[in-house]
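What follows is one structure encoded as structure tokens, with my remarks underneath.
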Amino acid sequence: MKILVLSDTHIPRSSHDLPGEVYDAIEGVDMILHAGDFVEKDVLDKLKGLRPTTAVYGNMDASLLHNILNQKEVIEVGGFKIGLIHGYGASADLIDTVKSEFKGVDAIVFGHSHASINIMKDGILFFNPGSPTDKVFANTNSYGILEVTDKKIEGKIITI
């Protein structure tokens, strides 16, 4: 299974829409994960119309999104458990912060820092796709792809 991973899209504050490259990538995936900071609900609705989408709210999201989304989710894909959360607090502590929110997961997808991360630590894949629209805390825009097989879950950061 192939999963497109987004976070910190900040639409309409940082951009009017997702980059075309993201829409092109959606054509080749089975589902979408969004780790929050949509800002407005329109992007969530658009993504849900394109592929099955699981999302959480972030600190910059409108109250409507806080009412319809959870702060965190655990989804099971191909026998792997993936924790999904936006994240909070200082970027330097972000991996430890999100790790403290989940038990028994194989991967944690998060955002908040706008800087992409794709590392294994303590047997868990920590995956932050960065932001496809906002470079306020990063040098590049990016999104991510998770590939799940029967034996493993792997992440790939795509720079735009």
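Any residue at all in the stretch 131-142 that's among the polar types (S, T, N, Q), free of Cβ contacts under 8 Å to residues at least 60 places away in the same chain and within 16 Å of residue 3 (Cα to Cα)? Yes.
Only residues that are outside any helix (DSSP H, G or I) and either out of contact with any helix residue (DSSP H, G or I) (no Cβ under 7 Å at 6 or more places or on another chain) or at positive phi (or both): list them for the stretch 29-57, please.
Across the stretch 29-57, the qualifying residues are 29, 30, 31, 33, 35, 36, 37, 39, 40, 52, 54, 56.
State yes or no: is residue 116 in contact (Cβ under 8 Å) with a residue 40 or more places away in the chain and small (Gly, Ala, Ser)? Against the criterion (in contact (Cβ under 8 Å) with a residue 40 or more places away in the chain and small (Gly, Ala, Ser)), residue 116 qualifies.
Is the stretch 83-103 home to any residue that is touching a residue at least 24 places away in the same chain (Cβ under 8 Å), closer than 19 Å to residue 2 by Cα and out of contact with any strand residue (DSSP E or B) (no Cβ under 7 Å at 6 or more places or on another chain)? Among the residues of the stretch 83-103, not one is touching a residue at least 24 places away in the same chain (Cβ under 8 Å), closer than 19 Å to residue 2 by Cα and out of contact with any strand residue (DSSP E or B) (no Cβ under 7 Å at 6 or more places or on another chain), which makes the answer no. Scanning the stretch 1-10 for residues that are in a loop (DSSP other than H, G, I, E, B) and in contact with a strand residue (DSSP E or B) (Cβ under 7 Å, 6 or more places away or on another chain), we see that the one that is modelled with the lowest pLDDT is 10. Say whether the condition of being under 29 Å from residue 104 (Cβ atoms), modelled with pLDDT of 95 or more, among the hydroxyl-bearing types (Ser, Thr, Tyr) and in contact with a His (Cβ under 6 Å, 6 or more places away or on another chain) is met by at least one residue in the stretch 32-53. Within the stretch 32-53, not a single residue is under 29 Å from residue 104 (Cβ atoms), modelled with pLDDT of 95 or more, among the hydroxyl-bearing types (Ser, Thr, Tyr) and in contact with a His (Cβ under 6 Å, 6 or more places away or on another chain). Here is the figure for the stretch 41-58: residues that are surrounded by 13 or more Cβ atoms within 10 Å (Cβ to Cβ) and more than 14 Å from the chain's Cα centre (by Cα) total 5. Being among the β-branched types (Val, Ile, Thr), closer than 15 Å to residue 4 by Cβ, modelled with pLDDT under 95 and under 16 Å from the mean Cα position of the chain (by Cα) is true of residue 160.
Within the stretch 49-65, the set of residues being out of contact with any Gly (no Cβ under 9 Å at 6 or more places or on another chain) and either within 23 Å of residue 103 (Cα to Cα) or of a type in the set (Asp, Glu) (or both) comprises 53, 54.
So which of 124, 117 is touching an Asp or Glu at 6+ places or on another chain (Cβ under 7 Å) and either surrounded by 16 or more Cβ atoms within 10 Å (Cβ to Cβ) or closer than 23 Å to residue 43 by Cβ (or both)?
124
Scan the stretch 11-36 for residues that are more than 18 Å from residue 59 (Cβ to Cβ), in contact with a strand residue (DSSP E or B) (Cβ under 6 Å, 6 or more places away or on another chain) and exposed (fewer than 14 other Cβ atoms within 10 Å of the Cβ) and the total you get is 1.
Residue 91: of a type outside the set (Asp, Glu), farther than 20 Å from residue 8 by Cα and surrounded by fewer than 16 Cβ atoms within 10 Å (Cβ to Cβ), yes or no? It is false that residue 91 is of a type outside the set (Asp, Glu), farther than 20 Å from residue 8 by Cα and surrounded by fewer than 16 Cβ atoms within 10 Å (Cβ to Cβ).
The values are calculated or read from the model by the stated rules, or taken from the named source; none is laboratory data. What you are looking at is a predicted structure, and each value in this text was computed from that prediction instead of being measured. Neighbour counts are summed over all protein chains in view; Cβ atoms, including those assigned to glycine, are modelled from backbone coordinates with ideal geometry.
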